[in-house]
Amino acid sequence: MRANTKTKSKNTKTKFNWTKELIFLIIGLVAMIVVTIVLALPSDTKKIYNKYTEAGASLDSDHVYSTINYKKLKKNIASQGENDVFYVFYGSTSCSNCVSAIQTINTAAKNFEIDKVYYFDATFIDSVKDKENAEFLADVDKKEVELGGVDLLSYPAIWVFKGGKLAFTTDSYKATDSSTTIEGTWKLAAYHVFGTKW
């Protein structure tokens, strides 16, 4: 009879240890990847600049605009103090007057030391083919009421909100000279808006 020559092999696997150094190294690598991704994404200022310069505007790269959406605009209006004032430029790159006006408004704002003009994009209006659609008009009407009476079907426009109410809008602004260029008209409007002590 043959003897059993098999012997049990010892478990030679080493147990993996999570050291503090390894954990910090992994956290550091993840942080570096996140920072790299964040830095690679264009800022809000850069996005507006790119969008308008691609459309043909000669906008300064250090402009005063900061994007605001409908929800945040409603929130800003609702949270304003009695003497708080903020400005909104309402427009779209598909509107040639907006492209012509954006730098003129930017220059006027800087001249009057206005650091921020919110940019509210009108693309959601542009994207609707049937502007006479009852459902669309009802939605526009609801939004206009919630934003304090602005005219969403008319742009470019500058809206001034003070103390949670619409204090002024250029929707009804009329240039004194009918031969004035778009830039000239907007220069008059913007200087009136930013030069007024609201």
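The values are calculated or read from the model by the stated rules, or taken from the named source; none is laboratory data. Source: prediction; values computed, not measured. As a convention, Cβ positions derive from the backbone with ideal geometry for all residues, glycine included, and neighbour counts pool all protein chains shown. Protein only, heavy atoms only, side chains kept; ligands, DNA and RNA dropped before computing areas. Shrake-Rupley method; radii C 1.70, N 1.55, O 1.52, S 1.80 Å.
Structure notes:
- In this structure E132 has an accessible area near 150 Å², from a 1.4 Å probe over the protein heavy atoms.
- Solvent-accessible area of D115 with every protein chain in place, 1.4 Å probe, in Å² to the nearest 10: 130
- Solvent-accessible area assigned to carbon and sulfur over the chain amounts to 56 percent, based on a 1.4 Å probe.
- Taking 7 Å steps out from each Cα toward its Cβ at S94 and V145 produces label points 2.7 nm apart.
- Note, ³J(HN,Hα) from phi for the stretch 137-154, Karplus 6.51, -1.76, 1.60, rounded to Hz, x at Gly and Pro: 5, 5, 5, 4, 4, 4, 5, 4, 5, 5, 8, x, x, 5, 9, 6, 8, 10
- What you get for the stretch 83-172, charging only the Cβ of Lys and Arg (+1) and of Asp and Glu (-1), is a dipole of about 300 debye around the Cα centre.
- Note on D44/T19: beta-carbon distance plugged into 1/(1 + (r/R0)^6) with R0 of 35 Å gives a FRET efficiency of 0.30.
- Of the residues W159, W198, W18, the one with the largest accessible area comes first in the ranking W18, W198, W159, computed with a 1.4 Å probe on protein heavy atoms.
- Placing R0 at 25 angstrom, the Cβ-Cβ distance between A78 and A138 gives a FRET efficiency of 0.70 after rounding to 0.05.
- Under 13 Å, Cβ to Cβ, from K162 - net charge with Lys/Arg +1 and Asp/Glu -1: 0
- Take the Cα of E183, step 7 Å toward its Cβ, do the same at F124, and the gap between the two points is 3.3 nm.
- Within the chain, antiparallel bridges make up roughly 55 percent of the DSSP beta bridges whose residues both belong there.
- Hydrodynamic analysis of the stretch 54-152 uses the Kirkwood radius over alpha carbon pairs. Inserted into Stokes-Einstein at 20 °C and 1.002 mPa s, it gives a translational diffusion coefficient of 143 µm²/s.
- Residue-level accessible surface for L22, protein heavy atoms, 1.4 Å, Å²: 50
- For Cα extents along the principal axes in Å, the value calculated from this model appears in (1) 56, 37, 25; (2) 48, 40, 28; (3) 118, 42, 38 under label (3).
- Averaging the sequence gap over all C-alpha pairs within less than 8 Å and six or more residues apart, then dividing by the number of residues, gives the chain a relative contact order of 23 percent.
- For the stretch 52-170, accessible area per residue (1.4 Å probe, heavy atoms of protein chains only), Å²: 50
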